[in-house]
Amino acid sequence: MSRLELLVDRDGPLTRAAVLADGRLTDLHIDHADRPSLLGAVILGRVERIATGLNGAFVDLGDGLSGGLSGLLPAADVRRPVLDDDAPHSRPHSHSNRPGAKPAPIGALLRTGQPVLVQVKADATGSKGPSLTMDITLPGRFLVHAPLGRDIAVSKRLGSGPERAALAQRIEQLVTGAGWILRAGAARMPDELLAAESEALHLQWRAIRDDARAGAAPRLLHPGPDAPTRALIEQGAAVPAAILVDDPAPAGGIRIGDGLLLSGLRDWCGRHAPDLLPRLGAHRESQRLFDLRDLDGAIAELLDVRVPLPLGGSLVIERTEALTVVDVNAGERGNPLEVNLDAAAEIARQLRLRNVGGIVVVDFVNMRSRGDAERVLAALSQAVESDPVQTQVYGMSKLGLVELTRARRGTPLAALLRP
């Protein structure tokens with residue numbers, strides 16, 4: 001079992017949260033004060049116009065959000081309004097869609113000027129505004145609250161058949177309200193932690209819903225999780241051995257007590273993760289935490305096109321407008337299978353750290369047999385399995401190229417770190 005650490009610091013406009021496994025960087029979350037992310041934010045928007053050709057609606061999110069760009073709400077993501085209904089698990093109205101069903105025409109679902117409760121599922125990119133959904137989800141370490149749902153869903157990673165039914169029955173006795181997803185790793189958590197998280201997430205939802213009913217649109221109701229919180233949520237049931245926060249005093253100032261980073265994280269843990277409070281502490285040494293652990297250098301390397309592989313060879317990662325291309329080079333090593341197996345794990349790691357989204361094409365070193373190619377595909381599929389962002393490996397083309405997709409979430413690292 002790897003020893004996990006979460007290291008948090010503030011560096012100018014950047015708030016950074018780095019996850020290390022046995023001292024090696026495995027996950028990186030960054031917030032940029034000048035380029036704030038809306039990912040996960042819940043907003044009371046207002047339908048600006050109906051886009052029949054896109055079967056969607058452009059939603060005004062309010063001044064100061066998303067750079068003035070309207071968000072796109074596809075018809076498939078329209079759900080019944082919750083502003084007039086106090087029973088989140090009641091039958092959907094006729095002017096809403098059920099998940100997975102063929103969406104009705106957008107004009108039959110929404111009208112111009114209508115207030116809509118939406119969540120940002122992908123940040124704005126270029127001239128495109130944020131992607132929106134009315135399927136609100138509030139993530140925790142063990143559970144995800146989907147308050148407009150009626151069921152208890154269990155992660156596919158948590159067994160099958162009677163095991164899944166037993167888990168769902170157990171959770172049903174612990175949670176508050178309807179609409180829950182049990183995350184992988186949560187099954188071994190004690191009942192009291194699951195019940196406490198359920199209560200915290202349900203209270204969060206009620207506060208959002210009540211706030212939405214109390215005021216006019218458009219306005220922000222609930223921000224998405226910040227970088228340190230995202231890091232803890234995505235680790236799920238994997239508990240860091242230590243959570244260290246380096247929160248320097250303002251330039252020329254004197255730090256008195258805990259900084260805002262540490263106090264904010266302590267407050268979140270107190271409500272959502274009380275088991276983590278004993279592991280949370282301040283970095284008190286004079287040398288900056290990220291300098292002490294040489295993380296600045298490791299982060300800078302993530303902007304390089306070329307990535308050395310642990311056992312020799314290298315990756316070349318290049319981003320085009322349409323997709324990301326990864327070329328595997330063997331270097332001086334002569335065994336293509338060993339090189340490609342080495343590359344598979346590093347490719348998964350680089351996609352996570354760089355926050356690459358969209359289509360990815362990998363050109364592995366040519367292999368001698370179909371059996372070797374299948375081993376490499378299996379290794380890559382296993383390597384991306386633990387990625388909290390949905391990643392799908394589609395197989396190898398006739399040209400020997402491996403195709404995969406990774407859901408777009410947040411801003412790519414290169415865009416966050418550009419001057």
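One residue alone among ALA238, ALA242, ALA249 is among the aliphatic types (A, V, I, L, M), at pLDDT 95 or above, outside the structural domain of VAL47 (by TED's automatic domain parsing) and surrounded by fewer than 17 Cβ atoms within 10 Å (Cβ to Cβ), and that residue is ALA242. When we screen VAL360, VAL339 for residues that are farther than 26 Å from THR125 by Cα and either in contact with a Lys or Arg (Cβ under 6 Å, 6 or more places away or on another chain) or in contact (Cβ under 8 Å) with a residue 40 or more places away in the chain (or both), the only hit is VAL339. Just one of (1) modelled with pLDDT under 90; (2) farther than 27 Å from GLN204 by Cβ; (3) among the basic types (Lys, Arg) fails for ARG35. It is (2).
Residue check: GLN287 meets all listed conditions (1) modelled with pLDDT of 95 or more; (2) assigned by TED's automatic domain parsing to the domain that holds ILE30; (3) not β-branched (Val, Ile, Thr) but one, namely (1). Of all residues in the range 60-73, those that are part of a helix (DSSP H, G or I) have Cβ atoms under 9 Å from Cβ atoms of residues that are among the charged types (D, E, K, R), 6 or more apart or on another chain, in SER66/ASP123.
Would you confirm, using the coordinates I've provided, whether ALA57 is assigned to a strand (DSSP E or B), in contact (Cβ under 8 Å) with a residue 12 or more places away in the chain and touching a His at 6+ places or on another chain (Cβ under 7 Å)? It is false that ALA57 is assigned to a strand (DSSP E or B), in contact (Cβ under 8 Å) with a residue 12 or more places away in the chain and touching a His at 6+ places or on another chain (Cβ under 7 Å). Condition first: assigned to a loop (DSSP other than H, G, I, E, B) and either of a type in the set (Phe, Trp, Tyr) or closer than 30 Å to ALA51 by Cα (or both). Now tell me which residues in the range 129-149 satisfy that. Across the range 129-149, the qualifying residues are GLY129, PRO130, MET134, ASP135, ILE136, THR137, PHE142, ALA146, PRO147, LEU148, GLY149. Among the residues of this structure, THR15 does not count as one that is among the polar types (S, T, N, Q), out of contact with any strand residue (DSSP E or B) (no Cβ under 8 Å at 6 or more places or on another chain) and over 30 Å from ASP210 (Cα atoms).
Table: residues versus (1) free of Cβ contacts under 8 Å to residues at least 40 places away in the same chain; (2) in contact with a strand residue (DSSP E or B) (Cβ under 7 Å, 6 or more places away or on another chain).
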| position | (1), (2) |
| --- | --- |
| ALA104 | yes, no |
| ALA108 | yes, no |
| PRO115 | no, yes |
| VAL120 | no, yes |
| THR125 | no, no |
| PRO130 | no, yes |
| ARG141 | no, no |
| PRO147 | no, no |
| ASP151 | yes, no |
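Determine if the range 330-339 includes at least one residue that is assigned to a helix (DSSP H, G or I), in contact with a Gly (Cβ under 9 Å, 6 or more places away or on another chain) and buried (at least 20 other Cβ atoms within 10 Å of the Cβ). Yes, the range 330-339 contains a residue that is assigned to a helix (DSSP H, G or I), in contact with a Gly (Cβ under 9 Å, 6 or more places away or on another chain) and buried (at least 20 other Cβ atoms within 10 Å of the Cβ).
Evaluated against (1) of a type in the set (A, V, I, L, M, F, W, C); (2) loosely packed, with under 15 Cβ neighbours inside 10 Å; (3) not assigned by TED's automatic domain parsing to the domain that holds LEU7, LEU277 falls short on exactly one condition, (3).
Condition check ((1) in contact (Cβ under 8 Å) with a residue 40 or more places away in the chain; (2) closer than 26 Å to GLU338 by Cβ; (3) touching a strand residue (DSSP E or B) at 6+ places or on another chain (Cβ under 8 Å)) across all residues:
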| site | (1), (2), (3) |
| --- | --- |
| GLY395 | no, yes, yes |
| GLY400 | no, yes, yes |
| GLU403 | yes, yes, yes |
| ALA414 | yes, no, yes |
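For the range 344-368, the set of residues classified as at positive phi and in a strand (DSSP E or B) consists of GLY358 only.
If only residues of the range 302-321 that are in contact with a Leu (Cβ under 7 Å, 6 or more places away or on another chain) and part of a loop (DSSP other than H, G, I, E, B) are counted, the one that is nearest to VAL365 (Cα to Cα) is LEU309. In the range 170-278, counting only strands (runs of 3 or more DSSP E) that sit wholly within it, the ones holding 2 or more residues that are over 29 Å from LEU416 (Cβ atoms) span 180-182.
The values are calculated or read from the model by the stated rules, or taken from the named source; none is laboratory data. Only a predicted model underlies this, so the values are computations on that prediction, with no experimental measurement involved. Cβ atoms come from the backbone with ideal geometry, glycine included; neighbour counts cover every protein chain shown.
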